[in-house]
Amino acid sequence: MEPFQLYTRLLDSLSRFTAPGNWKIKSVLLCLGVIFFFALPSYDRFFNDSTNDYLHFWLHLSRQAAHPFTLQPGLDPISHEAKTAFRLVPPLTGALVAWLSPVGGLYLMFLVQHLLGVGFLYVLISLVYRLTGDRLTAVLTALAFSLIYLTRAFFYELYGLFDGYAYFFLLLAMAARTPAGFVAALFLAFWTDERAIIASPLVLLFQLHTRVFPFTIPTLLAQWKWYVPYGLSAAAYLGIRIALEKYAGLFVPIGSGADAGLKLLLANFTSLPLATFLVFEGISFLILWLLFFFVKQKAWLEVLLTAGMLAAVWVVSGCVWDFTRSGCYAFPVVLTALYFMGKYLPTAQVRAVLVLALLLCVAIPTYKFQGFYYWQVPAPVKLVYGLIR
């Protein structure tokens with residue numbers, strides 16, 4: 001069968017799958033099947049103490065859920081645990097039942113992250129459909145996202161990093177139709193991980209791009225109802241954080257002594273070109289298309305702001321060991337690209353680009369770069385290994 005015939009059959013099948021009805025729910029279930037097939041979480045770690053190398057951090061999470069505003073003593077500055085003092089949304093979630101059972105609080109945090117993963121897929125599909133008006137484009141986007149680390153982090157990542165919470169709140173801020181919903185979602189993202197603060201200008205740019213193009217100083221000033229609340233929410237976060245440092249003693253070590261900083265960027269430098277591509281794999285070409293589109297339109301302010309924010313995320317990601325999960329915080333720019341593709345390209349062309357991105361994501365095994373490359377193991381491989389071990 002010729003490639004074009006395969007392409008046509010794929011689109012026809014997905015078109016029937018996305019017929020009006022419960023197409024969003026069916027699409028979410030399809031994406032979940034893809035995620036769990038290509039990256040099966042190691043749930044056995046919860047029940048096997050002898051092989052559970054996550055236990056030390058889970059104990060830290062349980063203590064943090066029981067006492068979220070108390071700095072735990074004796075933490076090694078280079079450890080991950082020492083950097084979580086202000087990442088309060090997950091432990092506060094666990095605190096809902098931590099008074100009954102510390103282990104129950106831990107399970108609740110992971111359960112909520114899984115539920116947010118389902119919500120992320122649903123909101124993603126709904127948002128892309130809203131931006132492009134095409135159900136097939138929305139499903140192809142969600143399927144491509146299901147083949148990279150970003151969506152798998154909600155399920156596969158059992159260490160207790162909880163970036164999934166932040167990814168969900170950033171997406172929710174993008175889907176918000178009012179400034180109040182926008183800043184509320186961002187505020188929750190800020191208290192999940194500091195990297196959300198670095199990436200948040202990309203969310204603001206998305207909200208502005210869907211209302212103003214091209215950017216000029218007067219048109220941007222007219223959108224004050226978006227960037228003024230954004231600035232106030234960032235200031236409120238900073239003020240509360242300073243107060244928690246002063247009155248609760250919460251503290252996060254930074255610099256080379258904490259295994260973070262420009263020294264690490266230099267140590268990682270030769271690995272970063274490949275690691276950068278592997279963050280979004282085939283979807284990376286949508287980001288390149290967006291920058292090319294801005295240049296072609298002579299939208300120089302957009303080029304400067306978008307490239308500058310991407311560079312900021314890249315530098316911060318390179319200054320820590322866990323480059324992949326940090327780089328995923330730049331995902332709002334992918335949806336900005338889809339907005340402009342949907343507006344300026346024929347629908348058939350957008351679909352073709354997404355099918356190509358999808359095929360590349362299928363062909364490239366998903367790795368997380370964290371000083372080394374860690375493969376997210378597909379279900380067949382993991383199940384066979386479990387049987388013969």
Out of (1) part of a helix (DSSP H, G or I); (2) hydrophobic (A, V, I, L, M, F, W, C); (3) surrounded by 12 or more Cβ atoms within 10 Å (Cβ to Cβ), what's the single condition that is false for Ala243?
(3)
Enumeration of residues in region 246-266 that are over 28 Å from Gln72 (Cβ atoms) and buried (at least 16 other Cβ atoms within 10 Å of the Cβ):
Leu265
Conditions first: (1) of a type outside the set (A, V, I, L, M); (2) at pLDDT below 95; (3) farther than 28 Å from Pro253 by Cα; (4) touching a helix residue (DSSP H, G or I) at 6+ places or on another chain (Cβ under 8 Å). Pro365 passes all but one, so which condition is the exception?
(4)
Looking at region 248-282, which of its residues are charged (D, E, K, R) and in contact (Cβ under 8 Å) with a residue 12 or more places away in the chain?
Asp259, Glu281
Any residue at all in region 7-16 that's open to solvent by 60 Å² or more (accessible area, probe 1.4 Å), in contact (Cβ under 8 Å) with a residue 12 or more places away in the chain, under 28 Å from the mean Cα position of the chain (by Cα) and over 30 Å from Lys246 (Cα atoms)?
yes
Under the condition of being within 23 Å of the chain's Cα centre (by Cα), among the aromatic types (Phe, Trp, Tyr) and open to solvent by 20 Å² or more (accessible area, probe 1.4 Å), which residue from region 267-315 is modelled with the lowest pLDDT?
Phe269
Being over 14 Å from the mean Cα position of the chain (by Cα), over 28 Å from Leu59 (Cα atoms) and touching a residue at least 60 places away in the same chain (Cβ under 8 Å) is the filter here; which residues of region 154-207 pass it?
Pro201, Leu205, Phe206
Answer with yes or no whether Gly181 is open to solvent by less than 40 Å² (accessible area, probe 1.4 Å) and either part of a helix (DSSP H, G or I) or touching a Lys or Arg at 6+ places or on another chain (Cβ under 9 Å) (or both).
yes
Residue list for region 54-75, restricted to those being over 18 Å from Arg241 (Cβ atoms) and polar (S, T, N, Q):
Ser62
Filter the helices (runs of 4 or more DSSP H) completely within region 323-389 down to those with at least 2 residues that are among the hydrophobic types (A, V, I, L, M, F, W, C) and closer than 24 Å to Leu172 by Cβ.
332-344, 347-363
Assuming Phe285 fulfils every condition listed in (1) without any contact (Cβ under 8 Å) to a residue 60 or more places away in the chain; (2) not in a loop (DSSP other than H, G, I, E, B) apart from one, which condition is it?
(1)
Condition (residue is assigned to a helix (DSSP H, G or I) and over 25 Å from Arg351 (Cβ atoms)) applied to region 20-35: is it met by at least one residue?
no
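The values are calculated or read from the model by the stated rules, or taken from the named source; none is laboratory data. Note that the structure is a prediction, hence the values are computed from the model and not measured. Note that we place each Cβ from the backbone using ideal geometry, even for glycine, and neighbour counts take in every protein chain shown. Heavy atoms of the whole protein, side chains included, go into the accessibility calculation; ligands, DNA and RNA do not. Shrake-Rupley method; radii C 1.70, N 1.55, O 1.52, S 1.80 Å.
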